[in-house]
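Working notes for the structure below.
Rule-based calculations on the coordinates, nothing more; no lab input. Since the structure is predicted, the reported quantities are computational estimates derived from the model, not experimental observations. Positions of Cβ are generated from backbone atoms using ideal geometry, with glycine treated the same way; all protein chains shown enter the neighbour counts.
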Amino acid sequence: MASTPLRIIVVDDSPWFRWTIRNILEKQPNLQIVAEAGDGAYGIQAVKTHRPDVVLMDITMPVLDGIKATRIIKSKLPNVRVIILSMHDAESISGAAYGAGACGCLSKGCSAKEIIQTIMTAGI
C-alpha cells in the first residue's frame, strides 16, 4: 500500500458518473481525486497540471475520445497509468485500450471493489 494517497483524475462526460466515482473513491484513505474532466482534451490538460498517478478514462466523449486522449497522455507522461472505464463491454474495447497504453480496462457495470482493486494494482 502506498504511504501517500494515489492521486487520481476522473475523465468522463457524465457529471453523474464522475460524482459516483468520487463518492466511491473518497471513502478510501489511500486514494485522492485531484481533478475531474468532462472530455479527453480537458483530461489531458488536467493530467499536465496535476500529474496524477492514475487516470480513470471513459472512451466515448465529446471533443476527444478516451483512446486518443490515452495515447497523448502516455506519449507525454508515460509514468501516468490510465485505466479505461467504459459503458462498453471491457472485452470489446480492451484491444484498443491496451494498444493506446492503458494498463487496465473495466466496464462501468463492474463493482466498486473491482474499480478500487484495479486502481491499487495500477498504482503499485
Candidate values [x] 15, 53, 31, 1; [y] 15, 48, 29, 8, 1; [z] 12, 30, 38, 19, 1, label of the one derived for P(r) over Cα pairs in 10 Å bins from 0, in percent: [x]
For segment 6-123, with +1 on Lys and Arg beta carbons and -1 on Asp and Glu, the positive-most of I59, A122, S94 along the dipole: A122
Give me the count of lysine pairs in the chain whose alpha carbons sit under 18 angstrom apart, restricted to pairs 8 or more positions apart or on different chains. 5
How charged is the neighbourhood of G38? Take every other residue with its Cβ under 11 Å from the Cβ of G38, and add Lys/Arg as +1 and Asp/Glu as -1. -4
Given H placed 1.01 Å from N in the peptide plane, which residues other than close sequence neighbours of R51 have an amide H under 5 Å from its amide H? none
With each run of n ≥ 4 DSSP H residues scored as -39500 (n - 2.57), what mean residue ellipticity at 222 nm is computed for the chain after dividing by its residue count and rounding to the nearest 500 deg cm²/dmol? -13500 deg cm²/dmol
Pull out a ≥ b ≥ c, the square roots of the eigenvalues of the alpha-carbon gyration tensor of segment 1-62, then state rounded if a/c is under 1.5, prolate if not and a/b is larger than b/c, and oblate in the remaining case. oblate
Return a whole-number percent for the relative contact order of the chain, with Cα pairs under 8 Å and 6 or more residues apart as the contact set. 23
